[in-house]
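Here the structure is laid out as structure tokens; the discussion comes afterwards.
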């Protein structure tokens, strides 16, 4: 199974859930994505059987693309631009569809 992470500035990445080791309760966690200064991860979704990904912005824009178009990346990768944003806009959600 794959997980898709998206940042407020529109960066998107797909990573296998196998990249994240299981930890006990109270674990410190592991890095999931490199994030540029001024950016932040806003959402993460498990793809499961979903064929696509939809990224939605605060300004009401959305883009829908095939999950197959995202190549798998390691945990430390920054990702690729998933949506080009207008000035002042930001990503608020990602949905597996």
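Decide, for the stretch 1-81, between rounded, prolate and oblate: order the square roots of the alpha carbon gyration tensor eigenvalues as a ≥ b ≥ c, take rounded if a/c falls under 1.5, and otherwise choose prolate if a/b is larger than b/c, else oblate. Oblate shape, in that a/c is at least 1.5 and b/c is the bigger or equal ratio. Across the chain, the mean sequence separation of Cα contacts (distance under 8 Å, 6 or more residues apart), normalised by length, yields a relative contact order of 42 percent.
For the stretch 74-96 versus the stretch 42-65, the inter-centroid distance based on Cα atoms is 9 Å. Between residue 16 and residue 95, the contour length at 0.36 nm per residue exceeds the Cα-Cα span by 26.7 nm.
Every read-out reported here was derived from the displayed coordinates using simple, explicitly stated rules and does not represent laboratory data. Everything numeric in this text was worked out from a predicted model, so none of it was measured.
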